[in-house]
Amino acid sequence: MNLHQSLIAILFLATQLLQNSAYSAEMGSPLVEVQIAEDVLAPYLERRDSYGIMAGIDYESLVFKNFYSSEDGASYGTIFGTDPVPLVRLALDYKQNLGIGSLSVGVHYGVGSVSSVLDRALEIKKYGGGIKFIADALMKEPYIAPYIGVEAWKIQTVETATNTMVTKTTGIGMSYSAGVLLQLNWIDLRTANLTALNYGLENTFINLYATQYSKTQNAVDFDTTTDLLWGAGIKLEF
């Protein structure tokens, strides 16, 4: 094959390649979808979604100083002294993330009981819902996130005396809270990053707060007003 024939062959192959490339472009090349995992190393403000879920468990030392026995009218202090009702609460919140912080709306349920040497006992069941504003956008990572909130609830009391058991349920009452969430992720960043990637756990917090209960809307209820109470617990944000 001489040089002239070789050039003709090369030009023919080049033409075929160009035609095939043009045909493929017209038909559309197959697309490859690339999924990039969430950057768990990014600061919280950059990686968080527009919403989240918070779950927690809290403990309150509850003292109803204005409670009087249905059996003999004895006061809370007379029966139980200074012993509080150790109220343990479970809470679940939907959290809407905003530019200046977040707004959470949720429900809670708590139980606790106290007894005395007088063979008397008082069991408390509390259930309701609430709303909170959380200032968790002050820093790129919410090492400290103050919050304020209000709750509406009902309380069931089961009072046990020597020969009687009296169960009552209050009307709707309110309580007002202020507290702070302290982030624990920094203690073990590697574990925090792995749990965020594998389970969607964005933050683990210690929850410290103060709360005060007011009277219920039902005039026949006992006075549920309390002094300022302190509470603590753990909250998980997903």
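The values are calculated or read from the model by the stated rules, or taken from the named source; none is laboratory data. Computed from a predicted model, the values in this text were never measured in an experiment. Quick reminder, even Gly has a Cβ in these numbers, built from the backbone with ideal geometry, and neighbours come from all protein chains shown. Please note that ligands, DNA and RNA were not included when accessible areas were found on the heavy atoms of the full protein model with its side chains. Shrake-Rupley method; radii C 1.70, N 1.55, O 1.52, S 1.80 Å.
For segment 193-227, which residues satisfy the criterion of being of a type outside the set (G, A, S), under 15 Å from the mean Cα position of the chain (by Cα) and assigned to a loop (DSSP other than H, G, I, E, B)?
Across segment 193-227, the qualifying residues are L201, E202.
Can you tell me which residue among L189, L201 is closer than 22 Å to S102 by Cα and modelled with pLDDT under 95?
Matching residue, one of L189, L201: L201.
Being surrounded by 19 or more Cβ atoms within 10 Å (Cβ to Cβ) and free of Cβ contacts under 8 Å to residues at least 40 places away in the same chain is the filter; apply it to segment 112-127 and report the residue that is farthest from S61 (Cα to Cα).
K126
Here's a check for you: in segment 187-209, which residue that is polar (S, T, N, Q) and within 11 Å of L236 (Cα to Cα) is most open to solvent (accessible area, probe 1.4 Å)?
Checking each candidate, the answer is T204.
May I ask you to list the residues in segment 151-172 that are open to solvent by 70 Å² or more (accessible area, probe 1.4 Å) and either touching a residue at least 24 places away in the same chain (Cβ under 8 Å) or assigned to a loop (DSSP other than H, G, I, E, B) (or both)?
K154, T162, N163, K168, I172 - these are the residues of segment 151-172 that are open to solvent by 70 Å² or more (accessible area, probe 1.4 Å) and either touching a residue at least 24 places away in the same chain (Cβ under 8 Å) or assigned to a loop (DSSP other than H, G, I, E, B) (or both).
Of all residues in segment 50-71, how many are among the charged types (D, E, K, R) and in contact with an Asp or Glu (Cβ under 9 Å, 6 or more places away or on another chain)?
Within segment 50-71, residues that are among the charged types (D, E, K, R) and in contact with an Asp or Glu (Cβ under 9 Å, 6 or more places away or on another chain) number 2.
Look at D136 and say whether it is in a strand (DSSP E or B), touching a strand residue (DSSP E or B) at 6+ places or on another chain (Cβ under 9 Å), farther than 22 Å from T225 by Cβ and open to solvent by less than 80 Å² (accessible area, probe 1.4 Å).
In short, no.
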